[in-house]
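Report on the following structure.
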Amino acid sequence: MNTTLMLQGMTWNAMQYDNNFAYVSAYGRGVVDLLAPRAGERVLDLGCGTGDLAAEIAAGGARVHGVDGDAEMIRTAVAKHGQAEGAPTFAVADGHALRVDEPFDAVFSNAALHWMTRPDEVVAGVYAALRPGGRFVAEFGARGNVAALIDGLRTAAAEVAPGVPVELPWYFPSTAEYATRLENAGFEVHTVHWFARPTPLSPGDTAADWWRMFGPSVLAPFPDETRAAVLARTDELLRERLADAEGQWFADYARLRFTAVRPQPGGSDGR
Ligand code: BEZ
């Protein structure tokens with residue numbers, strides 16, 4: 001398989017991601033059910049992270065290739081899942097510039113598309129990577145995703161470190177916007193829906209931990225001496241909104257989940 005090798009600007013702590021944010025894959029199981037992979041199918045997992053869902057899809061007999069923009073994620077995916085019989089293959093690739101030698105039956109993606117901020121390039125690449133009749137099944141952050149987490153950080157930053165910009169590296173579209181992008185690229189959109197999914201963080205973790213894990217580029221402009229104070233104030237501001245009486249914190253996730261099909265040339269799209 002010919003994938004364009006290009007690292008995105010962000011490096012993850014893959015071990016911390018696996019230890020503290022395993023819920024990302026756990027919630028993705030619903031998307032695997034929607035994909036309904038069949039034995040022998042070729043499936044591309046776009047933004048596969050440490051490969052847990054790719055391995056789960058492969059365990060059902062599909063031939064899976066996982067790609068991710070982060071080299072550490074891919075190294076971890078290979079170490080965890082790359083050895084077994086029928087295991088997925090993995091490669092570093094930029095989702096904005098997908099290139100494949102042989103078309104896939106399905107492209108799957110969980111909790112990754114919001115990191116790809118030029119969606120038309122992504123959707124066009126996925127379309128080109130599918131055979132006619134192939135499907136694109138995915139879930140990612142929708143309009144309104146992590147709105148409270150963002151609001152808390154912005155408010156804390158304005159109080160503690162006025163003038164430091166809070167720039168977000170994510171794309172959270174509405175259902176209508178994303179469906180239009182899919183259709184403009186040539187897809188038939190079969191299902192698309194928005195839902196709120198408040199998601200418990202690991203016990204003991206707070207909003208500050210979420211920001212440290214997922215927002216290093218957002219936190220980078222804060223001088224070292226103010227970053228901790230901004231995060232502490234973020235927790236103070238958000239405790240009532242995002243933590244329950246037992247001290248369990250939640251991320252205010254909102255998801256966009258869809259199935260789209262690359263039509264057959266004759267017009268039948270496999271519905
Ligand atoms: C999400 O899964 O919605 C998400 C995760 C990290 C950063 C932003 C959004």
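Readers should treat all values here as calculations from the given coordinates under stated rules, not as data from a laboratory. Keep in mind the model is a prediction, meaning the values are calculated, not measured. Positions of Cβ are backbone-derived with ideal geometry, glycine not excepted, and every protein chain shown enters the neighbour counts.
Per-structure values
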read-out: Where Rh is the Kirkwood radius over Cα pairs, Rg/Rh for the range 131-249; value: 1.08
read-out: Dipole-positive endmost among 114, 125, 200 within the chain (Cβ charges, Cα centre); value: 125
read-out: Fraction of the pair-distance distribution of the chain above 34 Å, Cα-Cα pairs, percent; value: 20
read-out: Most fluctuating residue given options 35, 130, 237, as computed from a GNM of the chain linking Cα atoms under 10 Å; value: 237
read-out: Built amide H within the under 5 Å cut-off of residue 63, gap 5+; value: 40, 41, 42, 43
read-out: Cα gyration tensor category, rounded, prolate or oblate, for the range 65-141 with a/c compared to 1.5; value: oblate
read-out: Estimated [θ] at 222 nm from DSSP helical runs (n ≥ 4, -39500 (n - 2.57)) normalised by residues in the chain, nearest 500; value: -11500 deg cm²/dmol
read-out: Kirkwood hydrodynamic radius over Cα pairs of the range 27-104, then Stokes diffusion coefficient at 4 °C and 1.567 mPa s, in µm²/s; value: 105
read-out: Dipole magnitude of the chain, debye to nearest 20 (Cβ charges: Lys/Arg +1, Asp/Glu -1, about Cα centre); value: 580
read-out: Contour minus Cα-Cα distance for residue 228 and residue 241 (0.36 nm per residue); value: 2.6 nm
read-out: Given charges at Cβ of Lys, Arg, Asp, Glu: the chain dipole, positive-most of 137, 164, 216; value: 137
read-out: For the chain, share of DSSP beta bridges that run antiparallel, in % to the nearest 5; value: 55
read-out: Span from the the range 92-146 Cα centroid across to the the range 228-271 one, whole angstrom; value: 18
read-out: Nearest-0.05 FRET efficiency for residue 264 and residue 195, computed from C-beta distance (R0 35 Å); value: 0.70
